[in-house]
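A short worksheet on the structure shown next.
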4 protein chains.
Amino acid sequence: MSTSDSRIPVGILGITGTVGQRFAQLLSVHSQFRVVAVGASERSAGKTNAATGLTIVACDPVHFGNCKVVFSALDASVAGEIEQAMADAGIHVLSNAKNFRMDHRVPLVVPTANPHHLDALKNFNTGKGFIITNANCSTTGLVVPLKALIDKFGPIAQLHVTTQQAISGAGYPGVPSLDILENIVPFISGEEEKMEIEPRKILGPGFVGDKFVLDDTLRISATCTRVPIIDGHTMHVSLQFKAAEKPSVEDIIKCLESYSTEAQSLKCPSAPSRSIIVHTEANRPQPRVDRDLERGFAVSVGRIRKCNLLDLKFTLLVHNTILGAAGSSVLNAEIAHAKGLF
Amino acid sequence: MSTSDSRIPVGILGITGTVGQRFAQLLSVHSQFRVVAVGASERSAGKTNAATGLTIVACDPVHFGNCKVVFSALDASVAGEIEQAMADAGIHVLSNAKNFRMDHRVPLVVPTANPHHLDALKNFNTGKGFIITNANCSTTGLVVPLKALIDKFGPIAQLHVTTQQAISGAGYPGVPSLDILENIVPFISGEEEKMEIEPRKILGPGFVGDKFVLDDTLRISATCTRVPIIDGHTMHVSLQFKAAEKPSVEDIIKCLESYSTEAQSLKCPSAPSRSIIVHTEANRPQPRVDRDLERGFAVSVGRIRKCNLLDLKFTLLVHNTILGAAGSSVLNAEIAHAKGLF
Amino acid sequence: MSTSDSRIPVGILGITGTVGQRFAQLLSVHSQFRVVAVGASERSAGKTNAATGLTIVACDPVHFGNCKVVFSALDASVAGEIEQAMADAGIHVLSNAKNFRMDHRVPLVVPTANPHHLDALKNFNTGKGFIITNANCSTTGLVVPLKALIDKFGPIAQLHVTTQQAISGAGYPGVPSLDILENIVPFISGEEEKMEIEPRKILGPGFVGDKFVLDDTLRISATCTRVPIIDGHTMHVSLQFKAAEKPSVEDIIKCLESYSTEAQSLKCPSAPSRSIIVHTEANRPQPRVDRDLERGFAVSVGRIRKCNLLDLKFTLLVHNTILGAAGSSVLNAEIAHAKGLF
Amino acid sequence: MSTSDSRIPVGILGITGTVGQRFAQLLSVHSQFRVVAVGASERSAGKTNAATGLTIVACDPVHFGNCKVVFSALDASVAGEIEQAMADAGIHVLSNAKNFRMDHRVPLVVPTANPHHLDALKNFNTGKGFIITNANCSTTGLVVPLKALIDKFGPIAQLHVTTQQAISGAGYPGVPSLDILENIVPFISGEEEKMEIEPRKILGPGFVGDKFVLDDTLRISATCTRVPIIDGHTMHVSLQFKAAEKPSVEDIIKCLESYSTEAQSLKCPSAPSRSIIVHTEANRPQPRVDRDLERGFAVSVGRIRKCNLLDLKFTLLVHNTILGAAGSSVLNAEIAHAKGLF
């Protein structure tokens, strides 16, 4: 890379894990960012990271002084302390970890749902780096069509969601094959709690007064299961709008198909041309068939129909390791950059 | 078999399909029934059926004159006509087909849920054979814990259910492997409709006046999906009781664990010792691990917990080709026999 | 398409099957060919083919008069007659069907193994179209490294091969999921016979006198199995050279890595940059990980080591629906075009 | 258990692993043995083992003083030292570990192949306990039909075998699901080496002079792969007899079907009624369908046919965690007991 490279120098924290590797893949050919430092645990420090060709360093700000931004794929057990240290050192942190997601002063952003939440950062004069978090993988898929629907038809009062989540969501080595081959595990620790609270922050009014405020209408009941799928979380949703007047199925389809976000209008390089893809075939979306649409940055929605109990039912699919993880952080960074935040 | 065999002579209709073969397996060593005739389409007539050693005949009552009872695994496209002809000829029909399930004068019986519905037949003086249907495989699993809960805590007003159904439910050749390996198909034709109506008949008050009456409180919203599992349908349920006073999770567990039915009290040979098995480990039931409990005649229930929206959530598992299909018909026949109906 | 489009007009026979669809995918954006007609059975004629936007016609030469070349994905039951009729009408046929593979006057060509066999066609003055066949999917993967080895180290005398073949090789609906989920089927009808004879034609001296001649040194013993893999045939090979002097493992690796073919030297657009990729990690190649290398046009080889009985063992992987089927025909056509045969 | 229980008191070493749990399952209802002690690492000591109801102790002979026999499911990293200590303390050891398999004075016994190797122990007057090892899981399946063939047709000179091994062979957590779902791993560390040497001891002449002697005719080339199967190792074999006169396929079938061993003649309770089951359907044996035949104690053989290169080819299947592991040790103990060795 020549010294005249005008791309923003960035680092990756937690380079050896599956999300870290995905960061390396997405950033290795990026038009706006160039990776200049990669960090992992002390145990890996000194080794060469194949994807970037860089020598791995410990996750200490002293080794990331030449970075304007770091992307964090750190495990929650260490992410809190390290990310705070990076921010204190003036480095912006784009984090996939859960630690700061519900922090009142940290934006929780799904790039194709609530990129406007980043605007609040313009008024933060802390002299430190920002911490920007992306959401849990399942939450990410869920909120994209919800945002489209709320924008058009008003608040959602009740929502039931049952997920069928891919094994890649558990990292590596992750789920033992003896547990999941020709089997379903109807429980993922902590996942239902995240899905019941994170959407309320993402779909909330944003930063009001001195904190990010939750959507106080939306109540969610989530059931999360693990299934023998490599990539792609499928979710089945039933929901009820608050308003008495209900949209038709045609209204819903039209709303979702015409949905567009700042990711597109700001011409971010990773943005999908369509944030939501509506499937009208009865048996779609399917994870193996549809997860890679729009390079994994789109959410597929299908089986849109009336619910016997609430207003509406549909099935959605999100690529859990692209839009649902590293891809969100990268696209969030592109949006933040386009907004002049870096 | 000696001529002094006192077991009831029975036939199997549709012997060549997967459910027919399961009938042959369950009946080949039965203490109360002996298979004396097996039928299939004209195309198979004349061949020898390996499981029973009998020559296959066409499904015409003339070939089943020595049978008191026939078990029908016929396809819905032909079941209606043939089953009616058998009953008209004075032969009792235990059917796995959907054709007569919602017929007002035909009992729809899950043996460990509503065996008392069979009592109505005692007053039927038609001079013909009875038709007794069992339910759709998913419905079967669902209604067993529901019956226990309704008996104890009163009517259920609302119920959301999302299923993860095994490929064996589609018969053979059934689901192409290219459709389901490392994939989910979020649609099964006609399945959601069955799950939304059949439970209301099974859980209804039974035969009142001149017909079987539906439960008029229960409303159901079902989402049905196909997953890469050989046997065992998993379902995730959220429900709300009608009553204002709500049972605790402990009340629910106690209710389900203490549930017993006529299948047990009548000492039917196929009856499970426990109709419901409650799992308290957070990650159970699992289809590969738990489907064969009680020889496939039990329903497993786990993850019993409060719902954020309704009263209660839980996960259940039923062996779809045993209790969910042929096993129900066999156990229904045992109950009918114990009640003196044959 | 403007009338000034200089690309060669081609047709696809058997457009509705899986190989036909793969042809459509590979040819829809091709720089040298443009699809102007698509054929299928009478039953599909008149429908619109989504991938090409063309109306499906019956597979009669009368409907393919504007085609210089047709790509045939026809089933063997009809391929023989139709392909012959096309050739008789002056249309060149690139066929994936087995019917003419062992015909003495028809080249059987794996594009990255024996493209020079096409040269014989230059001397065919029949006034008709050529028929050019590609090999069985497993054979295709096998012969690529064999050709590299034979070119360098001389004839192979004995070869054992055991395959683990993907379900996509059986087409759609193909293998029922009940047969293959969490299972292996140790038999594929006719497959071992093809693998034991086709390589002898491909690796033979080519057209000598009035016919294509078989390699008379090579003897093959093949065992073919079906495994629960979507795409990618894996094969385990043990072989013995005829020569007394044996190459070392390092010699073998060097030979395979430096292998290049006319597909590359003729700069065919679909040619892989490397026809063979050598893996040195002990646990590679793996079908899900490596099948898409070089867009599915490369053969991966790994675990190169001494055999306890013969000279050499290795594991190879080929993408069965790309290089192993439609891709071979397309690349064969590109080579034939580069050689001036059309 | 009453004090008058005449069953032999036994212990299990390594109770917490998958093989240890299988031992507990096989021995918990055994007619000749009763489990009186269970051992594991210090970390697990003091906990209650659910399967046996016993408190786990450390694997020190002092805690197994009331045992005549111990079954060892220990990891190879600790098995050597502990098993030797048990034997030194006068306790007989039936071991599934690899440590002593190739020891010149320790029998390596597959119960339905070479139970006569146990006879040598009658002349061992060491005053210590015996160590009896069972073979590697793949080796176990392979040698059963080989022994039948060698007994009838004489020595085997050459043998190629390629395996498709189940994930349960790697224990728990074992193979990560991300490595094996819709994938094949063409390498299992150390497995090929075991398969190339262990059969030569098992099929050798037994204890001659002062040591167990290897078969000096048999040469084996093994290729071992991991496939997405829960239980059941499938193997594809090509072999050549030493003798010039070759048996026909019918001879082979007759030989395998009539094969019987001391396990049967000594009426051991775990012995299968048939040690080898010959399948004549072209597409069998299949792991999911056939692995549980004879409670997992049989080896299934199918696709018996001529080889293009050697004399004979066939496919075999063994249940890797029953006959291939714990079941062999249990059946070996039954045979040793019947021979009066305890």
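Just the residues that are touching a residue at least 12 places away in the same chain (Cβ under 8 Å) and touching a strand residue (DSSP E or B) at 6+ places or on another chain (Cβ under 7 Å), please, taken from region C:307-322. C:Cys307, C:Leu309, C:Leu310, C:Asp311, C:Leu312, C:Lys313, C:Phe314, C:Thr315, C:Leu316, C:Leu317, C:Val318, C:Asn320, listed by residue number.
State all residues of region C:150-179 that are surrounded by fewer than 23 Cβ atoms within 10 Å (Cβ to Cβ) and either away from chain B (no Cβ under 14 Å) or part of a helix (DSSP H, G or I) (or both); if no residue qualifies, say none.
So in region C:150-179, the residues surrounded by fewer than 23 Cβ atoms within 10 Å (Cβ to Cβ) come out as C:150-155, C:157-158, C:170-174, C:176, C:178-179.
Within region C:150-179, C:Ile150, C:Asp151, C:Lys152, C:Phe153, C:Gly154, C:Pro155, C:Ala157, C:Gln158, C:Ala170, C:Leu178, C:Asp179 meet the criteria.
With the condition kept exactly as written, say whether any residue in region B:30-39 is in contact with a Pro (Cβ under 7 Å, 6 or more places away or on another chain), open to solvent by 30 Å² or more (accessible area, probe 1.4 Å) and within 19 Å of B:His63 (Cα to Cα). Looking through region B:30-39, at least one residue is in contact with a Pro (Cβ under 7 Å, 6 or more places away or on another chain), open to solvent by 30 Å² or more (accessible area, probe 1.4 Å) and within 19 Å of B:His63 (Cα to Cα). Could you please let me know if A:Asp210 is over 30 Å from B:Asp231 (Cβ atoms) and at pLDDT below 95? Criteria met by A:Asp210. One residue stands out among those in region B:204-226 that are closer than 25 Å to B:Asn308 by Cβ and of a type in the set (A, V, I, L, M): the one that is farthest from the other protein chains (Cβ to nearest Cβ), which is B:Leu218. Hey, any hits in region A:190-203 for a residue that's away from every other protein chain (no Cβ under 13 Å), in contact with a strand residue (DSSP E or B) (Cβ under 9 Å, 6 or more places away or on another chain), open to solvent by 10 Å² or more (accessible area, probe 1.4 Å) and in a loop (DSSP other than H, G, I, E, B)? Yes. Listed by position, the helices (runs of 4 or more DSSP H) contained in region C:221-317 that have at least 3 residues being open to solvent by less than 30 Å² (accessible area, probe 1.4 Å) are C:249-257.
Going by what's in this entry, would A:Ser72 be described as polar (S, T, N, Q) and at pLDDT below 95? Give the derivation first.
Working: polar (S, T, N, Q): yes; at pLDDT below 95: no.
So A:Ser72 does not fit the description; no.
Here is a check on your reading of the model: is A:His236 under 29 Å from B:Leu309 (Cβ atoms) and at the interface with chain B (Cβ under 10 Å from one of its Cβ atoms)? Judged against the criteria, A:His236 is a match.
For region D:120-136, which residues satisfy the criterion of being under 18 Å from the mean Cα position of the chain (by Cα) and open to solvent by 20 Å² or more (accessible area, probe 1.4 Å)? Break it down into steps so the answer makes sense when it comes.
Restricting attention to region D:120-136, the residues satisfying the condition of being under 18 Å from the mean Cα position of the chain (by Cα) are D:130-136.
Hit for region D:120-136 is D:Phe130, nothing else.
Out of A:Thr223, A:Thr217, one residue alone is at pLDDT 95 or above and farther than 27 Å from A:Ala76 by Cα. It is A:Thr217. The residue of region A:57-90 that is farthest from the chain's Cα centre (by Cα), among those that are of a type in the set (Val, Ile, Thr) and buried (at least 23 other Cβ atoms within 10 Å of the Cβ), is A:Ile82. Scanning region C:15-52 for residues that are within 19 Å of the chain's Cα centre (by Cα) and closer than 18 Å to C:Gly171 by Cα returns C:Ile15, C:Gly17, C:Thr18, C:Val19, C:Gly20, C:Gln21, C:Arg22, C:Phe23, C:Ala24, C:Gln25, C:Leu26. Here C:Pro272 does not fit the description of being of a type outside the set (A, V, I, L, M, F, W, C) and within 14 Å of chain D (Cβ to nearest Cβ). Here is the figure for region B:281-306: residues that are without any contact (Cβ under 8 Å) to a residue 12 or more places away in the chain and more than 13 Å from chain A (Cβ to nearest Cβ) total 0.
Which of the following residues is of a type in the set (Lys, Arg) and over 25 Å from C:Ser238 (Cα atoms): D:Arg284, D:Arg291, D:Arg305? Spell out the reasoning first.
On the way: D:Arg284 fails: over 25 Å from C:Ser238 (Cα atoms); D:Arg305 fails: over 25 Å from C:Ser238 (Cα atoms).
Just one listed residue meets the conditions, D:Arg291.
If you check A:His337 against the conditions, is it in a strand (DSSP E or B) and under 22 Å from the mean Cα position of the chain (by Cα)? Talk me through it step by step, then tell me what you get.
Numbers: in a strand (DSSP E or B): no; under 22 Å from the mean Cα position of the chain (by Cα): yes.
Criteria not met by A:His337.
Selection over region C:1-29 of residues that are open to solvent by 10 Å² or more (accessible area, probe 1.4 Å) and not in a loop (DSSP other than H, G, I, E, B) gives a count of 8.
The values are calculated or read from the model by the stated rules, or taken from the named source; none is laboratory data. No experiment lies behind these values; they were computed from the predicted model shown. Here Cβ is always computed from backbone atoms with ideal geometry, including for glycine, and neighbour counts include all displayed protein chains. The area values use the complete protein model at the heavy-atom level, side chains included, leaving out ligands, DNA and RNA. Shrake-Rupley method; radii C 1.70, N 1.55, O 1.52, S 1.80 Å.
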